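Derivation of every value follows stated rules applied to the coordinates shown; laboratory data play no part. If you're wondering where the values come from, they're calculated on a predicted model, not measured in any experiment. For neighbour counting, all protein chains shown are included, and Cβ atoms are generated from backbone atoms with ideal geometry for every residue, glycine included.
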Amino acid sequence: MNDSANKEKILFVSTVPETINGFLLPFADRLRGDNWIVHAMADGVSTIGGLTSHFDETWDVAFSRNPASAVWTLRANVKQIKRVLEEEKYTIVHTHTPISSFVVRFAAGRMRKSTRPIIMYTAHGFHFHDLGGRFRNTVYFETEKLGARWTDILIVINEEDYKSAISKKLIAAGKVKRLPGIGVDSSLFDPTAYSDWDVQALRDELGIPERTKVLLMAAEFIPRKRHSDAIRAMELLERDDVCLLFAGSGRLEDSLKENVKQKGMDKQIRFLGRQENIPLLIKMSAAVVLPSLQEGLPRVLLEAMSMNIPIIATDIRGSKELLQNGCGILVPPGSPKDLAEAMRWILQNEDLARNMGEKGRPIILSRYDQEIVISKQMEIYYGLIHK
């Protein structure tokens, strides 16, 4: 007899494997610990070293983050996904990121309802929002509305998206659940776990003088993160004893590097690439900066709060929810001038900024800790099975 016959089976889906690798492994590990069979699906997921060991099987599907390319490959992808869903007979398919989530739900909609798995979709921040253009918002909303036809549970991660899903009747209210993000590992992001010696060693490694104050922006180099606003703010700040560190990678990286070089700001703005030592970079910083135009519930802000470091972020969905208890400064989106003023305040008011940062960790431990979020997610999984 096949032991797998009596096990629950789940498929995690995202457009790119970085989402799975960065956010979903703790959930996969918990489910496997509960004796579930856990699979993953993304574009190139089987090629990511160390990721496949967390799953019983991985499936490569040619998803694209470009909507036009996604339309071009839709037919082939739907055919492949439908075949996988029919053969593997999953209990639950849990999708993440909008494009792959729509394609998978569309494929599930082509199956007989009696054989269709439970379809769960986590929206990490709807792509229709207050700062989106009218046409763009309409396209994304109608796409989400269509995908909701084949969605059994919609999970949102901030209050604004929860209200929006219900008020706009995106899906039946009873199918909407809210989780406090994807959680943060408070044992890893613990300020007491890193000494002043660790900080000094990192400064020496990066060649940052002791007198230089550090600001950190850890984000993918894509348009909505607005690295360009942070660069302009550093120009307006006009201080040579401050260094802004960019941690991450992405398609805009080269053009932003050229922009910084042309401005002669190579020493003030540093590009670190992908980093594994984010907790120590945060501890070394006077503040974490995130001038995005669109977010869900930003992981890097949760990490900064867990490390008792103040935050400068734009007054947008998700970010303003996290900072509502005074853990940082909110500035208008698209305003380098206000961003520079917030930087200046943090740098000139060290004691007040430190007090501001210290409000963060108790909030994380009470609501956003990874174990809390995982437990809430497990309740949803098991509730669906029992139902």
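Can you tell me how much longer the chain between Lys263 and Leu131 gets when fully stretched, taken as 0.36 nm per residue apart minus their C-alpha distance, in nm with one decimal? It would help to have the intermediate numbers written out before the result.
Numbers: separation 132, 0.36 × 132 = 47.52 nm, distance 2.88 nm.
My answer for the length gained is 44.6 nm.
Within 10 Å of each candidate Cβ there may be at most 15 other Cβ atoms; applying that plus a DSSP loop requirement, which GluC sites (Glu not before Pro) in region 141-219 survive?
Glu210
Grab the DSSP H runs of the chain that are 4 residues or longer, score each as -39,500 (n - 2.57), total them, divide by all residues and round the 222 nm result to the nearest 500 deg cm²/dmol.
-12000 deg cm²/dmol
Give the span of region 191-368's Cα atoms along each principal axis, as three whole-Å numbers ordered largest to smallest.
Taking the Cα atoms of region 191-368, the three principal extents are 45, 37, 29 Å.
Given labels modelled 7 Å from the Cα in the Cβ direction, how far is it in nm from Glu142 to Asp198?
In this crude spin-label approximation the distance works out to 5.1 nm.
Pairs Lys145/Lys168; Lys175/Lys376; Lys283/Lys359; Lys213/Lys283; Lys145/Lys320; Lys9/Lys82: which exceed 18 Å Cα-Cα? Could the numbers behind the result be given before it?
Numbers: Lys145/Lys168 10 Å; Lys175/Lys376 15 Å; Lys283/Lys359 15 Å; Lys213/Lys283 12 Å; Lys145/Lys320 26 Å; Lys9/Lys82 16 Å.
From Lys145/Lys168; Lys175/Lys376; Lys283/Lys359; Lys213/Lys283; Lys145/Lys320; Lys9/Lys82, over 18 Å: Lys145/Lys320.
Restricting to DSSP loop positions (anything but H, G, I, E, B) with no more than 10 other Cβ atoms inside 10 Å of their own Cβ, which trypsin sites (Lys or Arg not before Pro) remain in region 197-246?
Here the sparse-neighbourhood loop sites are Arg211.
Please work out the Cα center distance from region 281-335 to region 159-234, rounded to the nearest Å.
The distance from the Cα centre of region 281-335 to that of region 159-234 comes to 6 Å.
Which of the listed residues, Phe141, Pro362, Phe63, is farthest toward the dipole's positive end in the chain, when Lys, Arg count +1 and Asp, Glu count -1 at the beta-carbon?
Projecting each Cα onto the dipole axis, the largest value belongs to Phe141.
Are there GluC sites (Glu not before Pro) in region 65-102 that DSSP puts in a loop and that have at most 14 other Cβ atoms within 10 Å, and which ones?
none
What is the local net charge at Thr91, summed over the other residues whose Cβ is closer than 15 Å to its Cβ (Lys, Arg +1; Asp, Glu -1)?
-2
Quick one: if the Förster radius is 25 Å, what FRET efficiency do Lys89 and Asp60 give, using the C-beta to C-beta distance and rounding to 0.05? Intermediate results must be reported in sequence, preceding the final value.
On the way: r = 20 Å, r/R0 = 0.80.
After rounding to 0.05, the efficiency reads 0.80.
Can you match semi-axes √(5λ) of the Cα gyration tensor in Å to one of these, [x] 32, 28, 20; [y] 38, 22, 20; [z] 54, 25, 21, based on a calculation from the structure here?
This structure yields the entry labelled [y].
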